[in-house]
Amino acid sequence: MNSSIENEKHIIDSVINLIDDIVSYFDKHVGYVNDLNVFPVPDGDTGTNMYRTLKGVQSRIKEQEIFSISDLSKYISQAALYEGRGNSGVILAQIIRGLFDCLKDNLDWKMSTIPIALATAKNKAYSSVSDPVEGTMLTVIGEMSDQLNKIFSETETETENDLEALLQILSEFAKQSVTNTPNHMKLLEDSGVVDSGGYGIEIIVKAIELSCLQPMSLDLLTTVRTPEDSGQKIKQSLGQHFDHEESYGFCTQFVLISECEEDVLRSNLEALCTSLVLLSDTPVNRIHLHTDDVENVLSVTKSMGEIQDLSVEDMENQAFGSYVNNLNENYLDEDLFKMVILSSGEGNTEMFLELGASSVLSVNPEANPSVSELLDCFSQFENNDVDLILLPNDKNVFSAASEAAKITELNVTIIPTENLGQGLECAAEFDPQMRVDVNEKLMLEILPNIQNVFIFPSARNVSIKNEETILLGEPIAMKDGSIIGSSKTLDSLLIEILKNEINFDYERILILLGKDKIKAQVDDFLDNHMESVVKSNIETYYGGQDHYDYLVSIIK
């Protein structure tokens with residue numbers, strides 16, 4: 001193999017492995033980042049949003065066949081555009097895009113390109129925010145860039161050729177900058193915290209350093225930063241906010257498909273909101289903003305293009321939840337409870353385990369598990385002082401699960417998940433360091449936002465409204481217990497359902513593939529029959545379940 005091709009492949013593999021390490025390392029720190037979150041709104045989700053952004057980029061890259069550095073950079077930049085979540089996640093996405101937009105034209109990556117890429121990331125991040133505030137993650141990435149460029153301009157070759165020194169310098173720059181954030185913003189100083197988004201950047205930089213130099217240390221935490229006085233200063237600050245009857249408004253984020261220039265979009269939105277972050281790659285625009293009047297924002301935005309991937313969250317309620325629970329009171333020092341899941345299909349089982357399940361009971365779709373079988377599953381935890389949270393993923397299992405929960409000496413919380421799609425979404429909310437009731441609340445809140453469609457061959461002849469007859473073996477689609485479609489092939493029915501069921505008011509679509517389906521073939525079919533923008537919000541996974549060739553979950 002040509003040495004230049006080998007080198008390029010090595011770089012591609014190294015970057016993909018690095019992304020894996022960053023995601024894994026950041027996951028260990030999510031709770032600590034959330035605890036520090038007071039700006040722009042103390043809603044306790046900065047770490048979660050940054051992690052979801054990183055995880056989303058990782059997932060999209062895994063689905064691509066990448067043969068060149070240019071392709072790698074392009075795919076990472078595109079993935080970041082779509083996966084930015086929340087204020088911190090969208091800014092992080094812009095930093096990622098800045099880095100890789102710069103690197104895509106540098107096919108022979110050298111350390112001398114790092115200061116240039118970091119400067120591009122800084123400029124891109126600042127330009128995405130309508131009203132940049134110092135003392136945030138913008139400050140951290142900016143100071144890192146400025147100091148690194150200063151070093152390279154003053155040093156001849158020593159630093160430029162020493163990867164270890166360079167990464168250690170960057171890590172130290174990030175740490176110092178984060179420590180200094182309260183000196184830039186009085187809110188941070190009064191709350192007794194450093195900036196949470198800046199701390200997230202520090203964690204990412206540390207992950208890069210460890211991945212490249214000390215991969216065995218990735219199991220260890222970096223500097224753990226916690227609020228002063230166990231979060232009492234944050235609680236006092238929140239109390240003052242609620243005493244003054246102020247409102248944080250609504251966190252609103254969406255993708256806008258529009259041919260409008262970025263400056264036009266920005267000028268039309270700035271007057272309607274605060275905390276506007278706009279990522280643009282015409283015609284795709286990722287928009288995050290805070291507003292008291294969501295309907296007005298959406299009305300104006302619809303006049304400029306098509307809205308997709310819409311998410312609206314009441315920040316006042318989120319902040320009040322943090323206030324009532326006093327942050328750290330939600331967290332446990334150890335894993336004091338476990339998640340147990342009922343599942344079918346090897347792919348689904350593997351996904352549940354990756355999401356943190358301690359035990360997955362494989363069930364036969366032809367025979368629901370008995371009370372005795374459930375008790376046998378629970379018994380493996382009886383010697384430990386733990387509580388259980390159970391996802392049955394089948395409404396026909398609820399009765400047996402309730403009886404087993406009454407009999408066992410363990411405390412079992414049952415989440416009423418009726419299918420594997422609901423189960424996976426709830427499992428994605430699982431945090432073993434959070435109290436059981438907090439996990440339960442998060443899972444119950446997401447359940448009403450999940451719509452499910454099941455696509456499979458009919459088991460008998462069926463008449464619909466005494467008009468249409470569906471023959472045995474013909475594909476049908478069912479939703480809420482009713483047939484909503486039929487076709488000659490399973491794949492054509494899938495496309496029909498996707499086009500009929502989705503609208504701008506959805507976040508993403510999860511498709512679980514049955515045991516006879518091949519993911520690569522399904523992805524190719526979707527690529528050829530769905531618009532690329534819509535396809536970008538569709539996630540396909542091999543579940544391996546028996547009954548349903550396609551289980552489609554539409555998450556609102």
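Taking only segment 34-56 into account, find how many residues are aliphatic (A, V, I, L, M) and modelled with pLDDT of 90 or more.
Result for segment 34-56: 2.
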Which listed residue is modelled with pLDDT under 85, of a type in the set (Val, Ile, Thr) and over 21 Å from GLU429 (Cβ atoms), from ILE76, ILE69, ILE61, ILE16: ILE69
The listed residue being within 19 Å of LEU447 (Cβ to Cβ) and touching a Phe, Trp or Tyr at 6+ places or on another chain (Cβ under 8 Å), out of PRO392, PRO432: PRO392
Residue in segment 115-129 that is over 29 Å from SER275 (Cβ atoms) and either assigned to a loop (DSSP other than H, G, I, E, B) or among the charged types (D, E, K, R) (or both) present: no
Some residue of segment 63-77 being under 20 Å from LEU355 (Cβ atoms) and surrounded by fewer than 23 Cβ atoms within 10 Å (Cβ to Cβ): yes
Some residue of segment 293-305 being free of Cβ contacts under 8 Å to residues at least 60 places away in the same chain, surrounded by 20 or more Cβ atoms within 10 Å (Cβ to Cβ) and within 18 Å of VAL90 (Cα to Cα): no
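Could you tell me whether segment 389-405 includes any residue that is closer than 12 Å to MET339 by Cα, surrounded by fewer than 21 Cβ atoms within 10 Å (Cβ to Cβ) and either touching an Asp or Glu at 6+ places or on another chain (Cβ under 9 Å) or of a type outside the set (Lys, Arg) (or both)?
no
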Residues located in segment 498-519, provided they are loosely packed, with under 14 Cβ neighbours inside 10 Å and modelled with pLDDT of 85 or more: ILE518
Given (1) in contact with a Phe, Trp or Tyr (Cβ under 7 Å, 6 or more places away or on another chain); (2) not in a helix (DSSP H, G or I), number of the condition VAL193 does not satisfy: (1)
Number of the condition not met by ILE91 [criteria: (1) surrounded by fewer than 24 Cβ atoms within 10 Å (Cβ to Cβ); (2) not in a loop (DSSP other than H, G, I, E, B)]: (1)
Residue within segment 370-385 that is part of a loop (DSSP other than H, G, I, E, B), surrounded by fewer than 21 Cβ atoms within 10 Å (Cβ to Cβ) and modelled with pLDDT of 85 or more present: yes
Residue that is surrounded by the fewest Cβ atoms within 10 Å (Cβ to Cβ) [pool: residues in segment 109-134 that are at pLDDT below 80 and within 18 Å of LEU18 (Cβ to Cβ)]: LYS110
Some residue of segment 429-436 being charged (D, E, K, R) and exposed (fewer than 13 other Cβ atoms within 10 Å of the Cβ): no
Residue list for segment 60-88, filter: charged (D, E, K, R) and not in a helix (DSSP H, G or I): GLU63, GLU65, ARG85
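One line per residue, one yes/no per condition, for (1) assigned to a helix (DSSP H, G or I); (2) out of contact with any Lys or Arg (no Cβ under 6 Å at 6 or more places or on another chain); (3) closer than 18 Å to TYR550 by Cα; (4) free of Cβ contacts under 8 Å to residues at least 24 places away in the same chain:
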{"residue": "PHE398", "(1), (2), (3), (4)": "yes, yes, no, yes"}
{"residue": "ALA401", "(1), (2), (3), (4)": "yes, yes, no, no"}
{"residue": "PRO416", "(1), (2), (3), (4)": "no, yes, no, no"}
{"residue": "CYS426", "(1), (2), (3), (4)": "yes, yes, no, no"}
{"residue": "LEU444", "(1), (2), (3), (4)": "yes, yes, no, no"}
{"residue": "PRO448", "(1), (2), (3), (4)": "yes, yes, no, yes"}
{"residue": "GLN451", "(1), (2), (3), (4)": "no, yes, yes, no"}
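The values are calculated or read from the model by the stated rules, or taken from the named source; none is laboratory data. Note that the structure is a prediction, hence the values are computed from the model and not measured. All Cβ positions, glycine included, derive from the backbone under ideal geometry; neighbour counts span all protein chains shown.
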